[in-house]
1. Would you mind finding the one in T85, T79, T45, T99 that is in contact with a strand residue (DSSP E or B) (Cβ under 6 Å, 6 or more places away or on another chain), assigned to a strand (DSSP E or B), open to solvent by 20 Å² or more (accessible area, probe 1.4 Å) and more than 25 Å from P197 (Cβ to Cβ)?
2. Filter segment 116-142 down to residues that are out of contact with any Phe, Trp or Tyr (no Cβ under 9 Å at 6 or more places or on another chain) and at negative phi, then give me how many there are.
3. Is there a residue in segment 9-32 that is crowded, with 18+ Cβ neighbours inside 10 Å, modelled with pLDDT under 90, of a type outside the set (D, E, K, R) and touching an Asp or Glu at 6+ places or on another chain (Cβ under 6 Å)?
4. If we keep just the residues of segment 114-153 that are open to solvent by 30 Å² or more (accessible area, probe 1.4 Å) and under 11 Å from the mean Cα position of the chain (by Cα), which is nearest to L169 (Cα to Cα)?
5. Inside segment 48-68, can you point out the residues that are touching a strand residue (DSSP E or B) at 6+ places or on another chain (Cβ under 7 Å) and of a type in the set (G, A, S)?
6. Assuming G139 fulfils every condition listed in (1) at pLDDT 95 or above; (2) in a strand (DSSP E or B); (3) more than 20 Å from A49 (Cα to Cα) apart from one, which condition is it?
7. What residue, among those in segment 154-203 that are in a loop (DSSP other than H, G, I, E, B) and hydrophobic (A, V, I, L, M, F, W, C), is surrounded by the most Cβ atoms within 10 Å (Cβ to Cβ)?
Amino acid sequence: MGLLQIVLAALLTAGGLGTTTAASGTFTPGGGPAVNFVGSDISFTDVQANQTLTCAQVNFAGTVIDPASSRALGENAGTLDNLSTSNCTNPLGGLTNVTLLGTPKVSITGQPAGTRWPAELADVSAQITVAGCSFTVEGDVTGVFDTATQTVTPTANSLKIIGDPVGYLCPIPGLAKDQTFRVSGSWTNVPPAGSDPLTFTSP
């Protein structure tokens, strides 16, 4: 499955609806300039249809925007425009293909608690295709990024199916427009050669 047009992604651990409004203040990203978030135990569950997609690999790679430059909380810190997935499957549909549509954006939305920073992956859009069914998932994922471990864990998301799923298989598991998702797992930044671990500072 080519994954993510769901995800993403991102980046997560629990699901539900909801997006985050950034607090006032500023932050400064550092490290990079390249990032490579490697997924661990990633799965996406359509809550209403009770259908789960699991993948052996769901990795996001991208770039820090203007490291060492201060910006307001909620502004973009980087982009994740490269998704790599493998062995994505669903018990009913089998092998699933996920295609990333667009470029998700990463931001810091509040002040840290120790090394844990509230973060958001915005503008996630992905095409999910399985034998006999295809649909698009869009939304944002909020979570916590720990600079000490370089791990991001999702806490909420607004991912949902946009438009009516297309294909003869879609009605069998009950896939439908506006259904929401629960995301499980975490992503850890493994900086590529020539890049440093991701950091954030605040005045």
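The values are calculated or read from the model by the stated rules, or taken from the named source; none is laboratory data. Predicted model only: the values in this text are computed from it and were never measured. Using ideal geometry, Cβ is built from the backbone for each residue, glycine included, and neighbour counts are taken over all protein chains shown. Ligands, DNA and RNA are excluded from the accessible area calculation, which covers all protein heavy atoms including side chains. Shrake-Rupley method; radii C 1.70, N 1.55, O 1.52, S 1.80 Å.
1. Going through T85, T79, T45, T99 in turn, just one is in contact with a strand residue (DSSP E or B) (Cβ under 6 Å, 6 or more places away or on another chain), assigned to a strand (DSSP E or B), open to solvent by 20 Å² or more (accessible area, probe 1.4 Å) and more than 25 Å from P197 (Cβ to Cβ): T99.
2. Residues meeting the conditions: 14.
3. Yes, that holds for at least one residue.
4. Result: E138.
5. Those that are touching a strand residue (DSSP E or B) at 6+ places or on another chain (Cβ under 7 Å) and of a type in the set (G, A, S): A56, A61, G62, A68.
6. (3)
7. L159
For every residue, the table says whether it meets (1) open to solvent by less than 20 Å² (accessible area, probe 1.4 Å); (2) modelled with pLDDT under 95; (3) outside any loop (DSSP other than H, G, I, E, B); (4) among the hydrophobic types (A, V, I, L, M, F, W, C).
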site	(1), (2), (3), (4)
N36	no, no, yes, no
D41	no, yes, yes, no
T63	no, no, yes, no
D66	no, no, no, no
